[in-house]
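The values are calculated or read from the model by the stated rules, or taken from the named source; none is laboratory data. Values in this document were obtained by computation on a predicted structure and should not be read as measured data. Note that we place each Cβ from the backbone using ideal geometry, even for glycine, and neighbour counts take in every protein chain shown. In case anyone asks, the SASA skips ligands and DNA or RNA and just uses the protein heavy atoms, side chains included. Shrake-Rupley method; radii C 1.70, N 1.55, O 1.52, S 1.80 Å.
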Amino acid sequence: MPGATAGRRPATTGTLPGSTRCADSSPQLPSGPSSAKVSPRMRKRFYLTTAIDYVNGEPHLGHAYEKIVADVIARARRSLGEEVFFLTGLDEHGQKVQQAALDSGKKPQAYCDDLAAVWKGFAKKLNLSNDDFVRTSEPRHQTAVQAILSKLNAAGHFYKAQYRGFYSLKEETFLTEKDRRADRTFDANYGQVVELVEDNYYFHLREHQQWPIEHIESHPELDPQGREFIEPFYRRNEVLAFLKNNALEDLCISRPLARLNWGIPLPFDEKFVTYVWFDALVNYISVPAAQGDPAVLAALKSEIRNPKSEIELWPADVHVIGKDILKFHAVYWPITLRAIGLPLPKQILVHGWWQKDGQKMSKSTGNIVDPISIIDEWGVDAFRYYVVRELDIGPDGNWTDAGFQARYSAELANGLGNLVNRSLSMLKRYRNGVVPPSSDELAPEINQAAGHVRDRLRENKLQEALMSIFFSIVDRANQYVDQTAPFKLARDPANAARLDQVLYNLTETCRILAVLLWPFIPATAEKIFAQLGLGGRPDQMSYADWGGLNAGHSIAEPVALFPRKDRPKN
Ligand code: MSP
């Protein structure tokens, strides 16, 4: 892991990337949502966020994966009956964006507006079901950032001091001696490193050393649903090791206007703008503030006026993030929230990084996976399916075109696609598309598998849920076709009752598959529903109980879901 720090004093040991510096002040306990006036008609939504992407980067496989993971969780929760608010968006301020805008001859805002259209298009391409899309250059976000800065400054959390040391222009972060290699140079990842002497504002962090450790260690016991605060466990352990082995350095929360003007001005000193990470993290509560969340509005006093709605969101249920930004979310963000007087998010869910053909993806070496061209060629659901099926939330993954094509062919075209197509085609051919009387031969197995899938989805174990759907239902039903051989039964009218049974079991299995698959591959699930001649969407897990199809119902035309591609692409 990279070891950049944005502070003055070197940390002693540890591997998490981030920004710290040491000093004194007294911690504040969160006042929590109890301080807010909650209207009785409101029910807290399941609030789910992703990292907000740097606007000047190209949307790639890593961004797509994170957003799809979050989207599957959001859809699964809705399907399980929860009200969900799913937020994603863009991180638009900072030196890199300012420089990129300058290079392209545009004003930063115009530059960001153009790119934001591309990123919003990307979210649509991935078929995300996000409820809001935040841009950190929006006034609603800036107002909240400034309200928080004013509050923390008034409460004595910040102090001004002179920084003397190294600074990575590329990473927009301060570097310390420990970031130097044996030959005194800095890693090439830091880009150009300059020596700086400048005043800045710092956030007192030293007194926050202990309670985050206790907070992490007291989970899952403290959580009503028995969740860890940070998942998976090895990321939790990494944060604990960092907190136990390093004195927290104070966080530099400003950048001088003379060096950077594309940022949110500090409300208490116009010669500075806000450090881009402090700005970015606040998106998780600036949107709730704009949505009229009572707990957040109460914590920010009357600074935010006239929200359009009144939705209870905070605390977030899950922050989905990549492993590289864990320290910002597991250390600095909780400390900031506690200082503001807000409860902590319930869970930080950390995914790994994708490589391509065993190597870091990089434009210069040309080994980039472009999600848009994959989706254009193979369809969005093939892409969504592959990334969730291939990579569990946690470890690093490796994209190979051959691996993608092999899963497409074996699992989507020959597995799911073939099952649905032959089941519905046989119903058309042998029963004119009319559903026979109900039969529950497969019911015990399918109901059990569906229960297992629902349980895994409640735990955000997406890969396990998907494997259950395929191993216990798709494969089982294809095996059932082979065992019962309906095409042979159809040859002899004496077998009519048995053929009815088999066709009912297959058609009903397809209906349940549509419901279970909807969070993962919603467009395909909706096609299965449409081919079954069913109205509405398969978007409620409660529809997954056996026996929903009625005798006499007519299905529509079967159409291949995942056309076979004979020649593999290189
Ligand atoms: N802007 C910050 C996040 C601020 S959140 C308050 C940032 N942006 S990013 O564009 O660099 O990354 C956005 C997300 O994409 C991060 O969670 C990051 O881990 C993830 N990924 C970037 N490259 C990735 C891979 N190659 N693989 C998987 N995810 C990766 O960090």
Where Lys and Arg each count +1 and Asp and Glu each count -1, what net charge lies around residue 126 among other residues with Cβ under 10 Å from its Cβ? +3
Percent carbon-and-sulfur accessible area, the chain, ignoring ligands, DNA and RNA, probe 1.4 Å: 50 percent
With n ≥ 4 as the cut-off for DSSP H runs, can you work out [θ] at 222 nm for the chain, using -39500 (n - 2.57) per run divided by the number of residues, rounded to the nearest 500? -11500 deg cm²/dmol
Just tell me, in residue order, which DSSP H segments of the chain are both 30 angstrom or longer along the helix axis (alpha-carbon based) and at least -0.5 in mean Kyte-Doolittle hydropathy. 496-517
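Per the Kirkwood treatment, what hydrodynamic radius in Å, one decimal, follows for region 393-493 from the mean inverse distance over all distinct Cα pairs?
Details: mean 1/r = 0.0632 Å⁻¹.
Hydrodynamic radius (Kirkwood, Cα pairs) of region 393-493 is 15.8 Å.
Count charges around residue 322 for me, please; just the other residues with Cβ under 15 Å from its Cβ, Lys/Arg as +1, Asp/Glu as -1.
Cβ neighbours under 15 Å give a net charge of -3.
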Hey, can you find the accessible area per residue of region 449-570 for me, probe 1.4 Å, expressed in square angstrom? 44 Å²
D for region 413-468, whole µm²/s, Stokes-Einstein with Kirkwood Rh over alpha-carbon pairs at 20 °C and 1.002 mPa s: what number? 160 µm²/s
Two decimals is fine: what's Rg over Rh for the chain, C-alpha atoms, Kirkwood radius as Rh? 1.03
Region 72-192: antiparallel DSSP beta bridges as a percent of all, rounded to 5: 50 percent
Region 459-570: Rg to Rh, with Rh as the Kirkwood radius over Cα pairs: 1.00
Antiparallel DSSP bridges in the chain: what percent, to the nearest 5? 50 percent
Past 30 Å, Cα to Cα: identify those pairs from 323/527; 120/323; 67/565, in the order given. 323/527
Of the listed pairs 125/327; 96/363; 151/301, those with alpha carbons more than 20 Å apart are 125/327
Can you give me the distance in nm between label points at residue 564 and residue 392, each placed 7 Å from the Cα along the Cα-to-Cβ direction? 3.3 nm
